[in-house]
Amino acid sequence: MMNTQEFLQNLAPHPDKGLVFEYDAGQRVAPGYHVTEVMSVSYASMDCGGQANAWRETVVQLMDPGPKDKPEFMPVKKFLSIYERVAASVAVEGEAEVRFEYGNPARPAVHYHVGRLEVEGDQLVVRLTPPGVTCKAADRARSAGCCGPAVEAGQELPVAARGCC
């Protein structure tokens with residue numbers, strides 16, 4: 001997981017590099033893609049253990065290029081200028097996790113996590129990782145004992161923790 005501020009700080013030293021987004025083990029968003037939306041998203045939920053949760057994310061929506069778009073990757077400085085315009089009008093939070101939403105006619109849109117960034121020649125590659133599902137109540141039981149004593153990874157949850165879900 002990478003927060004918004006950390007992501008932007010990692011981009012800043014590479015203004016002239018092409019920004020490439022890679023997902024699903026080597027698949028790349030096509031050059032000429034568009035940043036169609038930058039969203040500041042707030043979530044409020046209650047997990048299966050009965051605990052309320054709240055968090056924010058910055059979601060950047062990517063769309064494949066149209067037939068008239070040049071097949072070139074967006075320079076980092078253009079992405080940063082888009083983000084700065086948004087941040088001037090929308091309350092984006094630096095500590096919020098940054099996610100990238102991408103899909104196309106052949107695949108549903110997914111909110112990917114940022115795995116890592118790597119420089120490859122004249123490109124800065126953002127390696128996206130797919131989201132997963134977790135049980136917050138069981139996670140708490142493993143780490144802090146919300147539903148019972150803390151449990152090491154790989155051990156069975158206490159009966160009380162199993163009851164949370």
Notebook entry, point to check: Across the range 83-93, which residue is farthest from the chain's Cα centre (by Cα) among those that are surrounded by 15 or more Cβ atoms within 10 Å (Cβ to Cβ) and either within 15 Å of Met2 (Cβ to Cβ) or among the β-branched types (Val, Ile, Thr) (or both)?
Noted result: Val86
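Would you call Lys78 assigned by TED's automatic domain parsing to the domain that holds Leu11, more than 19 Å from Glu6 (Cβ to Cβ) and assigned to a helix (DSSP H, G or I)? Spell out how you get there, then give the answer.
Working: assigned by TED's automatic domain parsing to the domain that holds Leu11: yes; more than 19 Å from Glu6 (Cβ to Cβ): yes; assigned to a helix (DSSP H, G or I): yes.
Here the answer is yes, as Lys78 does meet what is asked.
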Checklist line | Tally, over the range 94-119, of residues that are assigned to a loop (DSSP other than H, G, I, E, B), surrounded by fewer than 17 Cβ atoms within 10 Å (Cβ to Cβ) and either in contact (Cβ under 8 Å) with a residue 12 or more places away in the chain or in contact with a Gly (Cβ under 8 Å, 6 or more places away or on another chain) (or both) | finding: 2
Check: Quick check: is even one residue across the range 46-67 more than 20 Å from Pro108 (Cα to Cα), of a type in the set (D, E, K, R), over 18 Å from the mean Cα position of the chain (by Cα) and at pLDDT below 95?
Finding: yes
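The values are calculated or read from the model by the stated rules, or taken from the named source; none is laboratory data. Values in this document were obtained by computation on a predicted structure and should not be read as measured data. Reconstructed Cβ throughout: ideal geometry from the backbone, glycine too, with neighbour counts over all protein chains shown.
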